[in-house]
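Peer 1: Below is the structure I would like to discuss, written out as structure tokens.
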Amino acid sequence: MLFEHHTKRRDYVQILHDVLIVCVKPVKATIIARRANMQYSHLNSIVEKLVSNGLLDNQILPPRRKDQRTRRLFQATKSGLKWCEDVEDIYNRIEESMTNNATEGKE
């Protein structure tokens, strides 16, 4: 997770990143919500946005015998994983810049 050692709230980009990182392998929505540390009720709008932008794939599986509900699995696309790498790079540069500015101010 980006900046997981910070105690401030995550911004929207960090939440999108965390959802995509959880979805490296196909996972159910409940797993995404738990691992990305977010409420299930907020997950649907985020997943829809990621799917509509081609960053996340939505796979619908047929129902099992005992449970007649359809199962949905989500997996990050190649462009979604590339987006995550780009975001990580940007956030790392920002953090590095902040660290450098803080140490320069002490001198």
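Peer 1: How do CYS23, CYS84 line up, fewest other C-beta atoms within 10 Å first?
Peer 2: Working: CYS23 26, CYS84 21.
Lowest to highest Cβ neighbour count: CYS84, CYS23.
Peer 1: I need to check one value: relative contact order of the chain, counting alpha carbon pairs closer than 8 Å and at least 6 residues apart, in percent.
Peer 2: Result for the chain is 27 percent.
Peer 1: Moving on to the next point. The chain: longest stretch without exposed trypsin sites (Lys or Arg not before Pro) (DSSP loop, at most 13 other Cβ within 10 Å), sites themselves excluded?
Peer 2: 70-107
Peer 1: Shifting gears a bit: List every DSSP H helix in the chain whose Cα atoms extend 18 Å or more along the helix's own long axis and whose mean Kyte-Doolittle hydropathy is at least -1.0.
Peer 2: On the way: long enough: 40-52 (19 Å, 0.21); 78-106 (42 Å, -1.17).
Flagged H segments are 40-52.
Peer 1: Considering every pair of different Cα atoms, what Kirkwood radius, in Å, is found for the chain? Display every interim value, and only then the final one.
Peer 2: On the way: mean 1/r = 0.0651 Å⁻¹.
This gives a value of 15.4 Å.
Peer 1: Under 21 Å between C-alpha atoms is the cut-off here; go through the chain and count lysine pairs that meet it, provided they're at least eight residues apart or on different chains. Please list the in-between numbers first.
Peer 2: Details: LYS25/LYS49; LYS25/LYS78; LYS25/LYS82; LYS28/LYS49; LYS28/LYS66; LYS28/LYS78; LYS49/LYS78; LYS49/LYS82.
Pairs that pass both the separation and distance tests number 8.
No lab work stands behind these numbers, since they all come straight from the coordinates. Computed from a prediction, not measured in an experiment: that's the story for all the values here. Positions of Cβ are generated from backbone atoms using ideal geometry, with glycine treated the same way; all protein chains shown enter the neighbour counts.
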